[in-house]
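Read through the structure below, which is laid out as structure tokens, and then see the notes.
None of the figures in this text is laboratory data; all of them are computed from the coordinates on show. Quick caveat, the model's predicted, so the values are computed rather than measured. Note that we place each Cβ from the backbone using ideal geometry, even for glycine, and neighbour counts take in every protein chain shown.
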Amino acid sequence: MLQSFLQCNSSGMIDCNLRVRKINRTTAALTGNLTFNVDLGRDIETSVDFYHSALGNNQFNKYPMKIGPMSLCDYLEHLWGDYRGYVVGFVPNVPEVGECPLTRRTLLVNDLILDPRIFPPYVPTRTLDDALAGWGQKWSKLWSD
């Protein structure tokens, strides 16, 4: 279950207006919009690191599972196909697999509920946190959440 969405700093390239809201007592969803103000291509790199709280007490340690640094286009070509099916029902205009560059657009996030099947079966069931970051060759860090 989603607990919070902390920040999205982008230096004007990406604008985030996302928040987590409770749908009912047991379900939370991500809602809002994500606006790409410029086309994003091979010069943008991304990575995802995961942090695990074994006791569920918000003391997070880095978990060995991660998506290492790769260009945004490589991610869209090779990995996005594994995750797109979990997202497209909640965000209708997400990019297609292999679509590069990622063109300027606004993604409307309509109550995205995190499906536990998105994670491999060996991922622990306690609290996970992730850190998604992106940076460019001409710029420093472009966004993080």
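Listing for the model above:
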read-out: Amide H partners (placed H, <5 Å) of LEU107, local residues excluded; value: LEU34, THR35, PHE36
read-out: Charged-residue dipole, Cβ positions (Lys, Arg, Asp, Glu), the range 25-125 about Cα centre, Debye nearest 20; value: 360 debye
read-out: Cα Rg over Rh - the range 1-118, Kirkwood; value: 0.96
